[in-house]
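FYI, it's all coordinate maths here, none of it is from the lab. Only a predicted model underlies this, so the values are computations on that prediction, with no experimental measurement involved. As a convention, Cβ positions derive from the backbone with ideal geometry for all residues, glycine included, and neighbour counts pool all protein chains shown.
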Amino acid sequence: MIYHSGYIDRIALIKWFRKWYAFGMSTGEGNKSKYRSIDIKYTPWVLKEYKYWTLLLHDDQWYLGRAYVWLVREGGMQRFSELENPEYIEMKMVMQEYEQVLENLYNPDFMNYAWLANMFVEHGGHGHLHLIPRYRNERIFAGTTFIDGRWGKNYSPSEEFKPAENILIQIRDAIKNELSTMDFSSNIVHLR
């Protein structure tokens, strides 16, 4: 606790400052290992790049095809309500495009969306939206059975399911291949 009973705990303040400084460095302040505001370690999972967003496969595939759209604009603690109109419009187009891809590949029964920004140490609250397909029944892909054990409930908390990298690569490649046939950009309505 930094402030307690009317005085400042200096040791706690120093610890807090060190964490904050380390947090700032891990979120890109002075860090050149970024690509479109994404930590370089996530670039193998990029599915498609758009003007304002990058679509990435999530490594936790408890929900087959789970992905997220990452805001290209730099910044931390980005709120959904702070999206600029062009960002919001393009995000909607990305969502529709991705939903069609999933429909073609895995036929989900429903979709959930989550704008959480809770992993402050990981990404500093950077703006991104989770795209979470939901399945009433199991799906089999690349010889792996995917079961939505929380059908009819909130998607979280769920067990973590990180398939072997070769399975993730097959999921990524199937989605990328399907995305390459899509172009929803003509559906964008431009607002002033």
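On the principal axes of its alpha-carbon atoms, the range 33-187 has extents of 39, 36, 31 Å, going from largest to smallest.
Of 168, 131, how do they rank once you tally other Cβ atoms within 10 Å and put the fewest first? If you can, show how the numbers build up before the last one.
Values: 168 18, 131 23.
With the fewest neighbours first, 168, 131 line up as 168, 131.
Stretching the chain fully between residue 114 and residue 144 yields a gain of 8.2 nm (0.36 nm per residue, less the alpha carbon separation). Compared with the alpha-carbon gap, the fully stretched path from residue 180 to residue 104 is longer by 26.1 nm at 0.36 nm per residue.
Would you mind ranking 180, 37 by Cβ crowding within 10 Å, fewest neighbours first? Walk me through the intermediate numbers first.
On the way: 180 10, 37 18.
Result, fewest neighbours first: 180, 37.
What is the order of 140, 38, fewest Cβ neighbours within 10 Å to most?
Details: 140 10, 38 21.
In order of increasing Cβ crowding within 10 Å: 140, 38.
Here the extension length gained between residue 49 and residue 173 equals 43.2 nm, from 0.36 nm per residue of separation less the Cα-Cα distance.
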